[in-house]
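I have placed the structure first, in the form of structure tokens, so that the comments after it can refer back to it.
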Amino acid sequence: HHHEKMNGRGYPMGLAGDEIPEFARVISVADAFDSMTSTRSYRPARSVEEAVEELRRCSGSDFDPVVVAAFLRALDAHGWRLPGPVSVPGNGVAEVAQQDHDDPTAPIEVR
């Protein structure tokens with residue numbers, strides 16, 4: 001349900017407000033921020049400042065305003081940095097997804 005919107009215009013079920021499970025409202029904000037600040041096959045990454053502005057702009061319509069406020073407090077307190085290198089198991093082989101789960105241009109591949 002992390003693609004549901006507070007105004008009921010999301011998917012898959014068109015849930016609104018408190019009908020959306022709380023965990024999905026939290027994941028919705030985190031997923032949107034991650035998506036906006038990550039380069040995708042169809043567009044470059046936005047800056048953290050641009051992503052924060054979009055969360056604020058859509059707070060109440062798309063996103064739970066309580067969750068947005070909590071996310072922004074955490075961001076102010078801890079900042080944001082891109083993840084570092086992934087640890088590879090002893091055999092030196094790691095499986096990684098090559099596409100984002102929301103990328104409409106290609107199915108997810110694991111290599």
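Near Phe63, the amide H atoms lying under 5 Å from its own belong to Met6; only residues 5 or more places off or on other chains count, and H is placed 1.01 Å from N. Annotation note: chymotrypsin sites (Phe, Trp or Tyr not before Pro) in the range 15-71 located in DSSP loop regions with a Cβ neighbour count of at most 16 within 10 Å are Tyr42. For the range 1-77, the solvent-accessible area with a 1.4 angstrom probe is 58 square angstrom per residue.
The values are calculated or read from the model by the stated rules, or taken from the named source; none is laboratory data. Source: prediction; values computed, not measured. Virtual Cβ from ideal backbone geometry, glycine too; neighbours counted across all protein chains shown. Heavy atoms of the whole protein, side chains included, go into the accessibility calculation; ligands, DNA and RNA do not. Shrake-Rupley method; radii C 1.70, N 1.55, O 1.52, S 1.80 Å.
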